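Beneath this line is the structure, given in structure tokens, with notes to follow.
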Amino acid sequence: MAHYTASSLKSELNSRGWRMTPQRETILHVFQNLPKGDHLSAEELHNLLDKRGEAISLSTIYRSVKLMTRMGILRELELAEGHKHYELNQPYPHHHHHVVCIQCNKTIEFRDDSILKHSLKQCKKEGFELIDCQLTVMTICPEAIRKGWPSALPSDWACTRAISETEAPADAQ
């Protein structure tokens, strides 16, 4: 898995019969400049680009992130929010997995080389090429458990971890 630049993405797209559009280059640039540990949904990417004055339609964003995921440039993540998130698919040793609270959506990244090694071994055995290897561990955070999850948790409860983490990126812009 190579680390993509705009020129290497253009070459890869051309070799597969696709074009490097300004929209694809903009999307790649956004993901390359995301702070470590950040993930974006297509909707969040659209809102971010819209705030910057970049007129890229949501349907173009969906098509572009799907294409970049199939090419192995982006990782598609199934987190707890009910919609897919994306991040750059970093080459080893930057490979990581996720622990996700299904109540507050708090996401923690972790590394475990044994998961990757086992996956590579299975791929080699079957003759497959590994594009991505990710494990998502679905959890309940300690704060939700302390507040009585699942039955006694108030319907209007919001985890302080989730609130502070979701507000921080907005304040940074």
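The values are calculated or read from the model by the stated rules, or taken from the named source; none is laboratory data. These figures come from a predicted structure and were not determined experimentally. Here the Cβ is made from the backbone with ideal geometry for all residues, glycine too, and neighbour counts use every protein chain on show. Heads up: the accessible areas ignore ligands, DNA and RNA and are worked out on the full protein's heavy atoms, side chains in. Shrake-Rupley method; radii C 1.70, N 1.55, O 1.52, S 1.80 Å.
Label-point separation (nm) for Lys147 and Ser8, each offset 7 Å from Cα along Cα-to-Cβ? It works out to 4.2 nm between the two label points. At the residue level, Thr60 shows approximately 30 square angstrom of accessible surface with a 1.4 angstrom probe and all protein chains present. Our summary of shape: the Cα atoms of region 4-108 have principal axis extents of 42, 34, 20 Å, ordered from largest down, in whole angstrom. Among the GluC sites (Glu not before Pro) in region 68-154, those located in a DSSP loop and surrounded by at most 15 other Cβ atoms within 10 Å of their own Cβ are Glu81, Glu129. The simple spin-label model puts a point 7 Å past each Cα toward its Cβ; for Ser15 and Arg70 those points are separated by 1.7 nm. Taking amide H as placed 1.01 Å from N in the peptide plane, the amide H of Tyr86 sits under 5 Å from that of Leu40, Ser41, Leu77, each at least 5 places away or on another chain.
Of Asp50, Asp38, Asp156, the residue with the largest accessible area leads and the full order is Asp156, Asp50, Asp38 (1.4 Å probe).
Scanning residues 5 or more positions from Lys106 or on other chains, those with amide H under 5 Å from its amide H are Cys101, with H placed 1.01 Å from N in the peptide plane. Spin-label model, Phe110/His29: points 7 Å from Cα along the beta carbon direction are separated by 3.8 nm. Between Leu130 and Asp38, full extension at 0.36 nm per residue minus the direct alpha carbon distance yields a gain of 30.8 nm. Between region 115-130 and region 1-74, the alpha-carbon centres lie 27 Å apart. Taking a Cβ cut-off of under 10 Å around His97, the surrounding Lys, Arg, Asp and Glu residues balance to a net charge of -1, with basic ones at +1 and acidic ones at -1.
A Förster radius of 22 Å combined with the Cβ-Cβ distance from Leu48 to His83 puts the calculated FRET efficiency at roughly 0.90.
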